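S.K.: This structure is in structure tokens; I'll ask about it shortly.
Every number here is computed from the coordinates shown, using simple stated rules; none is lab data. All of these numbers come straight from a predicted model, not from anything done at the bench. We place every Cβ from the backbone using ideal geometry, glycine too, and count neighbours over all the protein chains shown.
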Amino acid sequence: MPDQATYLTTRQLQELLQVDRLTIYRLLDAGDIPAFKIGRQWRFDSREIERWLNKRSDTQSASSEQAEPTTRSQGIENLPLAGMQTIQDSFARVLGLRLAIVTKRAQPVTSPSNEQPLDQLLQTTSAGLDYLAVLIEAGQKNLELEEDGAIVGMLSQTLQLGQQGVAWLCCGPFVYAERTEALHANLDRMAQACDLPRELLYQALLKTRALNQAEREQFAALLTSLAVAIETLIAQEQAFRQHLQKIAALATQRVGEL
């Protein structure tokens, strides 16, 4: 490519990259490609495009040279986190419960949506965090807590994060509607287990949504739908990235012709 810039139109860039118009606009919407506007028309500086292609080609080469598998912390930035967060936030508003995606080690993938007084309170003590982790683990196994008279629970759904491994989509905590009458009887034990003042815990529980068996089954089905939506988003994003890497590799071979 000559040192003097050539300003490409959208059609010329399509021909260079051998992609359709929709792909170009997806790149523009995501801010992934250098461009500027003249009136309503997009223009692309050929020198910037060349650097952009070389950068993508280098990234692809570096990725192919890595012998060790990608760890969870290394790969999370490759997930469409903004889209996942938007879908999660929307479902949380509909369900009226807290939603979050966490790894098997309970490390957050997304920011919790629609946090409630109970989970906020549990996070204020180390014992409360341990109790919350127990709820998540029980939800992962689709089990109620082993202890007799447990008054709160959690729903969880397995979520495949593409090459990043498996995570959990967690909904709750909620109060078992069938056990609300046993709230006072079990409050002292829960307060002691969580190292929290009894009255504060009681007030938080009163503000926590109670779900009966039918509602829990309905919410579990909705979680499955949410997991499918997020997994579809991840698969589409990863396919798009792979497509772009192939485009970059092919187009780099042609830029010298301009």
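S.K.: Which of the trypsin sites (Lys or Arg not before Pro) found in the range 175-258 are loop residues per DSSP with 13 or fewer other Cβ atoms within 10 Å of their Cβ?
M.R.: Within the range 175-258, the qualifying trypsin sites (Lys or Arg not before Pro) (loop, at most 13 other Cβ atoms within 10 Å) are LYS207.
S.K.: Shifting gears a bit: Taking the highest mean first, how do the peptides 123-131, 41-49 order by number of other beta carbon atoms within 10 angstrom per residue?
M.R.: Descending packing order for the listed peptides: 41-49, 123-131.
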